[in-house]
Ligand code: AMP
Ligand code: FE
Ligand code: FE
Ligand code: ZN
């Protein structure tokens with residue numbers, strides 16, 4: 001590391017154990033090439049990429065924060081909760097994630113069935129071929145099957161046409177309530193931060209009162225600096241954080257080739273990472289090479 005250079009900290013990325021397109025090893029290599037000093041791997045509803053990422057990070061000489069991004073549901077709208085440094089052996093949290101992943105399988109099959117009935121050229125085996133053995137299945141894997149069979153060129157097109165939350169083909173999956181998810185992350189010794197809380201594509205807006213309720217349940221921070229947020233959303237997050245005593249993070253939400261988000265496009269300050277680390281139980285430490 002060169003002196004006088006701020007650490008580049010990116011606390012939200014995905015590998016192909018969820019809907020990223022690179023293996024945990026490739027993700028770490030991409031992070032190193034992008035000049036990232038501290039990387040968090042935060043796959044949807046799983047810790048399956050942690051061990052491979054840890055080995056790759058030690059090899060590449062970058063600091064690794066192990067995390068998850070929990071898909072939650074509130075009033076029928078989705079909300080994503082980042083959980084940093086949780087105990088991977090915590091039965092309550094892991095049980096909830098298992099339940100969500102199982103429900104995602106049946107949900108995906110039903111969505112594909114509806115799409116095929118609607119005349120979209122897609123079959124369930126084509127989609128399953130896009131999902132690795134330990135991978136959390138999701139809508140992006142339907143998009144990947146449509147890319148492979150030549151129907152579309154990028155995941156974006158599938159999300160514009162057929163995969164939105166209000167699409168006739170959309171089927172919900174089991175997802176915990178955010179309050180419960182915050183409590184589970186804390187009980188597992190981890191640190192909960194709401195991912196892109198004010199994403200404008202959401203169906204239902206998250207109210208200030210709801211953030212207050214989550215804070216009372218143990219919420220630690222808001223991911224303010226994210227490409228889904230404009231200046232208004234950033235300002236709102238900053239005002240809420242100041243009022244409620246929450247920390248603010250910034251991250252890329254990198255998905256490899258699956259999304260346009262680039263590693264390090266938003267970053268988190270070193271003192272915020274230190275606060276997150278201090279708030280965790282230590283069962284799952286930050287890994288330093
Ligand atoms: P699911 O978890 O199955 O409900 O699918 C939601 C996932 O789809 C999110 O984690 C996003 O990463 C991904 N996603 C949403 N919109 C897009 C888009 N326009 N292009 C690529 N991926 C997207
Ligand atoms: Fe995703
Ligand atoms: Fe998310
Ligand atoms: Zn994400």
Residue of 83, 221, 150 that the Gaussian network model of the chain assigns the largest fluctuation, springs spanning Cα pairs under 10 Å: 150
Mind checking the angle between helix 178-187 and the chain's longest principal axis? C-alpha axes, 0 to 90 degrees, to the nearest 10. 50 degrees
Ranked list, fewest to most other Cβ atoms within 10 Å of each Cβ, for 247, 63: 63, 247
With the stretch 187-233 reduced to its Cα atoms and the Debye formula applied, log10 I(q)/I(0) at q = 0.18, 0.20, 0.27 1/Å amounts to -0.59, -0.71, -1.08
Would you kindly state how much longer the chain becomes between residue 216 and residue 260 on full extension, computed as 0.36 nm times their sequence separation minus their alpha carbon distance, in nm to one decimal? 12.4 nm
Quotient of Cα Rg and 2.2 N^0.38 Å for the chain, N being how many residues it contains: 0.96
Crossing angle, helix 208-217 versus the chain [Cα axis fit, 0-90 degrees, rounded to tens]: 70 degrees
How tilted is helix 231-244 with respect to the longest principal axis of the chain? Cα atoms for both, answer in degrees (0 to 90, nearest 10). 50 degrees
Taking all pairs of different Cα atoms in the stretch 173-289, averaging 1/r and flipping that mean, what Kirkwood radius in angstroms comes out? 15.2 Å
Could you work out how much longer the chain between residue 164 and residue 207 gets when fully extended? Use 0.36 nm per residue separation minus the Cα distance between them, nm to one decimal. 13.3 nm
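No lab work stands behind these numbers, since they all come straight from the coordinates. None of the values given here were measured: they were computed from a predicted structure. With ideal geometry, Cβ positions are generated from the backbone for all residues, glycine too; neighbour counts draw on all protein chains shown.
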